Amino acid sequence: MKIILAPDKFKGSLTGIEFCNIIEPILSSNLNAEVIKLPLADGGDGTIEVINYYLDGKTIQAKVNNPIFESVLASYLYSENSKVAFIEMAEASGMKLLDSKHQNCMYTSTYGTGELILDAIDKGAEYIILGLGGSATNDCGIGMATALGYRFLDEENKEVKPIGSQLISINSIDNTLVDKRLKSINFQIACDVTNPLYGEEGAAYIYAKQKGANDSEIEYLDNGLQNISKVLDHHFNIVTQKIKGAGAAGGMGAGCVTFLNAELSPGIELIKEMAQFDSKIKGADWIITGEGQFDDQTLSGKALSGVINSAKNDGINVAAFCGNIDLERDQINQMGITYYAAIMDKAKNFEDAILNTKLYLKEITEVFTQKISL
């Protein structure tokens, strides 16, 4: 019997790698199974640990600018062997770097993310994966682009500061000083939202409030995004508003497509590609997956949705071991899941579930092995 372990994290209690290490010995012993561990993530918290499971890289630290241009030490992963770097923009441009009084995306920049990209290129990176999310910014990536050599000019040909409030002042782009090495780098962007750049569903109206902007500032930022969209469209001969995910991370989606010539992909698909997931599951009898909360959001780009899609293509049974399941039996069956179990069904309460996740996961696995071996 061949079993694939492909879980996401249980937020706050268990990583995907820990999940694999807990149940692998039980499956091997009780079923005499060949067990292959392929932990996954969807681009959110914990992604960097999962990517390094496959990348086997080193953590590199670089001194860069945080969102308000203060010096900060940021980290990224780099594999010397494969020349692949993985950068989370939140490490240099994230909300987590600012105290509450400085959290206002009118005045923040992605400049530090651009500095991390440059550092990775200096190290020899040829393939860069950039994870969007957790950003404190709404600058459409002009901060990142400025660090890479782009200059953004107003009507008087004066360079503007690369922050959200200045998007509305940009009249043209000067790319004569852009780092020439960018053209030889393959960029892939982990992006799990599909918002357009501007408008009611755009970066400002959907995300700027949680980044500190008030209603009038949100309207101002949206006008700025409309302006930079016109400038980008003219300069790059593109229609930015039609880019699926352009509004991700304060417009960073559009910025990555234009300034980096990058592709936007769901985080789970990029990690499956790194894991060679679809080839390694060939001939498997079961894929065991899992996540903390299994609900109607699960099929919206989460790791479980990626597992289910691949399993369907190869006719492989899927078992879901989750923290909590908030779906009806019929909904779960329609998703293509053959077997499922929840830790909350065993725990006394939520606190007990968090404290004893590992114990209950072992119990769930024992029951599973008994049922499928009958």
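The values are calculated or read from the model by the stated rules, or taken from the named source; none is laboratory data. These numbers come from a predicted model, not from an experiment. When we count neighbours, we look across all protein chains shown, and the Cβ atoms used for this are built from the backbone with ideal geometry, even at glycine.
Sort through 79, 75 and tell me the only one that's of a type in the set (S, T, N, Q) and closer than 22 Å to residue 248 by Cβ.
On the way: 79 fails: closer than 22 Å to residue 248 by Cβ.
Being of a type in the set (S, T, N, Q) and closer than 22 Å to residue 248 by Cβ holds for just one of 79, 75, which is 75.
Checked against (1) buried (at least 21 other Cβ atoms within 10 Å of the Cβ); (2) at pLDDT below 95; (3) closer than 30 Å to residue 276 by Cβ, residue 353 passes all but a single condition, namely (3). Inspect all residues belonging to the range 179-186 and state whether any of them is buried (at least 17 other Cβ atoms within 10 Å of the Cβ), of a type outside the set (S, T, N, Q) and part of a loop (DSSP other than H, G, I, E, B). Yes, because at least one residue in the range 179-186 is buried (at least 17 other Cβ atoms within 10 Å of the Cβ), of a type outside the set (S, T, N, Q) and part of a loop (DSSP other than H, G, I, E, B). Taking the listed residues 296, 314, 326, the one that is out of contact with any helix residue (DSSP H, G or I) (no Cβ under 9 Å at 6 or more places or on another chain) and either outside the structural domain of residue 109 (by TED's automatic domain parsing) or of a type in the set (Ser, Thr, Tyr) (or both) is 326, with no other qualifying.
Answer yes or no as to whether residue 127 is surrounded by 19 or more Cβ atoms within 10 Å (Cβ to Cβ) and aromatic (Phe, Trp, Tyr).
No: the conditions fail for residue 127.
In the range 182-196, the condition of being out of contact with any Phe, Trp or Tyr (no Cβ under 9 Å at 6 or more places or on another chain), among the charged types (D, E, K, R) and closer than 30 Å to residue 266 by Cβ is met by at least one residue. One residue stands out among those in the range 1-58 that are over 26 Å from residue 353 (Cα atoms), under 20 Å from the mean Cα position of the chain (by Cα) and of a type outside the set (Asp, Glu): the one that is surrounded by the fewest Cβ atoms within 10 Å (Cβ to Cβ), which is 58. Residue check: residue 92 meets all listed conditions (1) under 30 Å from residue 362 (Cβ atoms); (2) modelled with pLDDT of 95 or more but one, namely (1).
Among the residues of the range 187-213, those that are in a loop (DSSP other than H, G, I, E, B), within 19 Å of the chain's Cα centre (by Cα) and under 23 Å from residue 171 (Cβ atoms) comprise 196, 197, 202. Filtered by the rule that a residue be closer than 22 Å to residue 35 by Cβ and without any contact (Cβ under 8 Å) to a residue 40 or more places away in the chain, the range 344-369 gives 359, 360, 363, 367.
Do we have any residue at all in the range 339-349 that's of a type outside the set (D, E, K, R), in the same structural domain as residue 7 (by TED's automatic domain parsing), at pLDDT 90 or above and part of a loop (DSSP other than H, G, I, E, B)?
Applying the first criterion (of a type outside the set (D, E, K, R)) to the range 339-349 yields 339-344, 347, 349.
Then keep just the ones that are in the same structural domain as residue 7 (by TED's automatic domain parsing); that gives 339-344, 347, 349.
Applying the additional criterion that residues be at pLDDT 90 or above yields 339-344, 347, 349.
Of the ones still in play, those that are also part of a loop (DSSP other than H, G, I, E, B) are 347, 349.
Yes, the range 339-349 contains at least one residue that is of a type outside the set (D, E, K, R), in the same structural domain as residue 7 (by TED's automatic domain parsing), at pLDDT 90 or above and part of a loop (DSSP other than H, G, I, E, B).
Against the conditions (1) closer than 30 Å to residue 104 by Cβ; (2) out of contact with any Gly (no Cβ under 6 Å at 6 or more places or on another chain); (3) surrounded by 15 or more Cβ atoms within 10 Å (Cβ to Cβ), residue 297 satisfies every one except (3). Pairs meeting the criteria (first residue in the range 201-223 and free of Cβ contacts under 8 Å to residues at least 24 places away in the same chain and of a type outside the set (Val, Ile, Thr), second residue surrounded by 19 or more Cβ atoms within 10 Å (Cβ to Cβ) and assigned to a helix (DSSP H, G or I), beta carbons under 8 Å, at least 6 apart or on different chains) are 205/218; 205/222; 209/218; 219/204. Counting only residues that are assigned to a strand (DSSP E or B), closer than 17 Å to residue 23 by Cβ and among the β-branched types (Val, Ile, Thr), the range 297-338 holds 1 of them.
Residues of the range 113-144 that are among the hydrophobic types (A, V, I, L, M, F, W, C), within 17 Å of residue 246 (Cβ to Cβ), in a loop (DSSP other than H, G, I, E, B) and modelled with pLDDT of 95 or more: 140 alone.
Restricting attention to the range 214-272 and to residues that are touching a Phe, Trp or Tyr at 6+ places or on another chain (Cβ under 6 Å) and not in a helix (DSSP H, G or I), the residue that is surrounded by the fewest Cβ atoms within 10 Å (Cβ to Cβ) turns out to be 262.
Of the strands (runs of 3 or more DSSP E) lying entirely inside the range 1-112, the ones with 1 or more residues being over 16 Å from residue 287 (Cα atoms) are found at 58-65, 71-79, 84-88.
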